[in-house]
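Heads up: the structure comes next, in structure tokens.
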Amino acid sequence: MLPSVYGAAGPAPQSAAMNPKKRNRTTDLPYIKRPMNAFMIFRGEQRKKVIEDLNIRDSAAVNAVLGKMWRSLSKEEQAVFYEKARVEKELHSQQHPGWSATYNYKLQFFN
């Protein structure tokens with residue numbers, strides 16, 4: 001008897017991202033994105049510059065450089081982005097009162 005390709009446990013279960021039945025669920029309610037945090041705002045502002053300056057296209061490498069850049073910023077420099085994130089979070093809460101991060105999860109899996 002030949003050994004199983006999957007090992008003793010059998011095939012790995014599919015994640016929701018790989019399972020088209022779960023991934024393509026449609027609902028009447030829209031998907032609401034989370035507000036960006038300080039690092040995400042920094043990354044959005046700096047990403048194009050890093051790609052052009054260093055001529056790297058690999059997303060993981062770009063993110064590694066951006067992470068190092070973020071950590072090298074002083075607290076005062078980071079504070080600018082934390083303030084932008086706070087403003088974005090307030091705007092998001094005004095546009096979507098009562099929304100929480102679990103909203104989209106429940107929307108996707110329990111409807």
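Extending 7 Å from the Cα toward the beta-carbon at both TYR103 and ARG71 defines two label points whose distance is 3.4 nm.
I need the calculated FRET efficiency for the pair GLN95 and ILE51, taking r as the beta carbon distance and R₀ as 25 Å, to the nearest 0.05.
Working: r = 31 Å, r/R0 = 1.23.
After rounding, the FRET efficiency stands at 0.20.
Ordering 75-86, 34-45 by mean Cβ neighbour count within 10 Å, with the highest value first, yields 34-45, 75-86.
Look at the alpha carbon pairs under 8 Å that are at least 6 residues apart: their mean separation over the length of region 31-111 gives a relative contact order of 46 percent.
Readers should treat all values here as calculations from the given coordinates under stated rules, not as data from a laboratory. Bear in mind the structure is a predicted one, so any value in this text is a computation, not a measurement. All Cβ positions, even for glycine, are placed from backbone atoms using ideal geometry, and neighbour counts span all protein chains on display.
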